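The values are calculated or read from the model by the stated rules, or taken from the named source; none is laboratory data. Model, not experiment: these values are computed from the prediction. Cβ placement follows ideal geometry from the backbone for every residue including glycine, while neighbour counts extend to all protein chains displayed. Note: accessible area is taken over every heavy atom of the protein model, side chains too, but ligands, DNA and RNA are not part of it. Shrake-Rupley method; radii C 1.70, N 1.55, O 1.52, S 1.80 Å.
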Amino acid sequence: MNRNNMQHFQYQLGELYGEKVPLAKIAEQYGTPCYIYSKQAIIEAFKAFSLALQRYTCPHQINYAVKANSNLAFLNILVQQSAGFDIVSQGELERVLKAGGKASKVVFSGVGKSVPELTSALKAGIGCFNVESLSEVLRLNEIAKQLNIPANIALRVNPDVAADSHPYISTGLKENKFGVHLNQALEFYLTAQQLSHINIRGIAFHIGSQITTLDPFVAALNKVLKFIEVLKKSGIHLEHINIGGGLGLRYLDEKPPTPVEYIDTVMQYLKDSELEVHIEPGRAIAAHAGVLLTRLEYIKDNFAIVDASMNDLLRPALYESYHEIIPVQPHSQGLQAIYDIVGPVCETSDFLGKARHLCLKEGDLLAVLSAGAYGFSMSSNYNSRPRAAEIMIDHNQFHLVRPRESLIDLFDSEKLFNRLTD
Ligand code: LLP
């Protein structure tokens, strides 16, 4: 790791936005593995977008993508910042409402919304459905008719643009399942316009995640703005454009645009459009606001076997993604070597980091950085491992915002089939 990187990550770990994070104390009190988030870091990351947008006169809405981190305390911090929310399931809607969010500031995305999901979202008074197919809008119209609650919609279009990200998190190519192709979008709007309980409000796209250059955003915007002109000629006028999330971050040595650079670039194209601008950042708000704390159990050859696993943080196993891993209390009494940091799960893909130059001894506490987004929210009980505790730091105070699952939690709702009558 070069010196700049080291400083960057030490800063993130040791003084998350001015907070001295007492990681060792937290580990002592709540055990490991655990996720630790900084309230101030979440607010700072959100404000980076809102301040950038406030420099423009056009109305805007920031819909935090709940899937990145859906802990209620995390969501509630964003409710207090007047965030909107991008959800993809009924579960996420329930979380937003429980955290104090207003349904009217929620946007429902996703390719496979079920009847119960559409029904509950309509009843809750959701702000907008980002519809992804003609079948979906027909289904939504039927439900809206039965409930006599009109539905606001935006069509999610697929602009067929490469995000230059990992193929599993690229969504804007025509071979991806997401959105409606631009060449079918006019037909969609003309049909939707005829539906009794559908109000056309806008257009949406989301081309992928961890995008580290602005070109894909600009390419998608150009295509979609051109299409909006076509719509206008057909007499369909939109109120908003939702440009999705996807802004990438520095995990290792990426040089992604800052939120200001991102907003300035997209606003060049949008500021005179008379459209309300919606964005849906997830990672860029949550990732650097959290770390995963883990303890080194054993050193075996060049394997550092820690107590966190792919069930706690799936990203390295699934996308071979990089997370910086650093000792909480660096020392020189251990073994200096090149380690693979692995967990106890019985899969060769169970690693948190590969080929890391570290000086380690058994019992060390390690912090896996930039783990606030798609960390806990993608965790599982694989290998019957209880999910980790989550802790929120607020001005040097730490609060348990989700306790570690207990062993009983793992199977409490299961039943032996021959005792079903119990
Ligand atoms: N809007 C929509 C419709 C999305 O599908 C997503 C993410 C976002 C917004 C937020 O994107 P972000 O700003 O976080 O890039 N599990 C993967 C990331 C999957 C992202 C899925 N969609 C990972 O760990 O990298």
Query raised in the report: Based only on the alpha carbon positions, what is the Kirkwood hydrodynamic radius of region 39-282, in angstrom?
Result: 18.0 Å
Query raised in the report: Extension gain residue 168-residue 40, at 0.36 nm per residue separation less the Cα-Cα distance, in nm?
Result: 43.0 nm
**Report entry** Choice from 101, 290, 112 with maximal GNM fluctuation in the chain (Cα, 10 Å cutoff)
**Finding:** 112
**Report entry** Antiparallel bridge percentage (DSSP; both residues within the chain; nearest 5)
**Finding:** 45 percent
Requested in this report: Mark the label point 7 Å from the Cα of residue 318 along Cα→Cβ and return the residues of region 270-286 whose backbone N is within less than 20 Å of it.
Outcome: 280-286
Query raised in the report: Can you list the lysines whose alpha carbon is less than 26 Å from that of residue 25, not counting same-chain residues fewer than 8 positions off?
Result: 39, 361
Query raised in the report: So what is log10(I(q)/I(0)) for region 98-164 at q = 0.19, 0.22 1/Å, when the Debye sum runs over its Cα atoms only?
Result: -0.72, -0.90
Report task. Mark the label point 7 Å from the Cα of residue 336 along Cα→Cβ and return the residues of region 290-329 whose backbone N is within less than 20 Å of it. Result -> 299-304, 325-329
Query raised in the report: Ignoring any ligand, DNA or RNA, what whole percent of the accessible area of region 39-282 comes from carbon and sulfur when the probe is 1.4 angstrom?
Result: 51 percent
Requested in this report: Run through all the Cα pairs of the chain and give the fraction in each 20 Å bin from 0, expressed as whole percent.
Outcome: 25, 53, 20, 1
Requested in this report: Using amide H atoms built 1.01 Å from N in the peptide plane, name the residues 5+ places from residue 152, or on other chains, whose amide H lies under 5 Å from its own.
Outcome: 129, 199
Query raised in the report: To the nearest 10 square angstrom, what accessible area does residue 399 show with a 1.4 Å probe?
Result: 90 Å²
Query raised in the report: Hey, rough spin-label estimate for residue 396 and residue 149, points 7 angstrom out along Cα→Cβ, what's it come to in nanometres?
Result: 4.7 nm
**Report entry** Area of residue 415 that stays accessible when all protein chains are in place (1.4 Å probe, Å², to 10)
**Finding:** 140 Å²
Query - For the chain, calculated [θ]222 nm from helices alone, where every DSSP H run of n ≥ 4 adds -39500 (n - 2.57) - result: -9500 deg cm²/dmol
Report task. Report, in debye and to the nearest 20, how large the dipole of the chain comes out about its Cα centre when Lys and Arg carry +1 and Asp and Glu carry -1 on their Cβ. Result -> 680 debye
Query raised in the report: Stretched out fully, how many nm does the piece from residue 194 to residue 232 gain, at 0.36 nm a residue minus the Cα gap?
Result: 12.1 nm
**Report entry** Estimated vicinal HN-Hα couplings, Hz - region 394-403 in sequence order (Karplus 6.51, -1.76, 1.60; Gly, Pro = x)
**Finding:** 9, 6, 6, 9, 10, 10, 6, 10, 6, x
Report summary line: The distance between the Cα centres of region 209-275 and region 360-392, in whole Å, is 33 Å
Report summary line: For the chain, the longest principal axis of the Cα atoms and the Cα long axis of helix 134-147 enclose an angle in degrees, to the nearest 10, of 80 degrees
Report summary line: Judged on accessible area alone, 1.4 Å probe, highest first, 160, 301 line up as 301, 160
